[in-house]
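These notes are about the structure you will find just below.
Rule-based calculations on the coordinates, nothing more; no lab input. The shown structure was predicted, so the numbers you read here are calculated from the model rather than taken from an experiment. So basically every Cβ, Gly included, is an ideal-geometry build from the backbone, and we count neighbours across all protein chains shown.
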Amino acid sequence: MLDEYLARIRAHRTNIHRYRRLLKSNLSDVERQFIEKRLTEEQTALEFLSAETFPLAFSLREGRTCRQTSRGAANDARVPGGLIRGAVGPHG
């Protein structure tokens with residue numbers, strides 16, 4: 001069961017990376033709006049699935065947890081020395 005969840009998480013992360021890469025390209029307004037919508041949907045799905053798969057939230061600093069998000073980026077946490085991303089994978 002965990003393998004299925006991890007595969008779904010990987011699929012969402014792959015889609016997110018693809019959409020971010022596409023947004024850097026030359027797109028029409030309609031294409032850009034579609035990609036932005038899909039990106040938001042994928043980020044929301046990833047956050048939900050990550051919270052369901054890894055329900056524990058570890059406190060890192062000043063009451064902020066690794067489950068608290070900023071504009072759709074799952075598992076971000078501020079720690080001394082910078083921003084650590086990607087509790088789910090290496091490219092957060």
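Count the net charge of all other residues whose Cβ sits under 13 Å from the Cβ of TYR19, scoring Lys and Arg as +1 and Asp and Glu as -1. Write out the running numbers ahead of the final one.
Working: positive: ARG13, ARG18, ARG20, ARG21, LYS24, ARG32, LYS37, ARG38; negative: GLU31, GLU36, GLU41, GLU42.
Net local charge, TYR19 excluded: +4.
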Report summary line: Given a Förster distance of 25 Å, the FRET efficiency implied by the Cβ-Cβ spacing of GLU4 and PHE34, rounded to the nearest 0.05, works out to 0.30
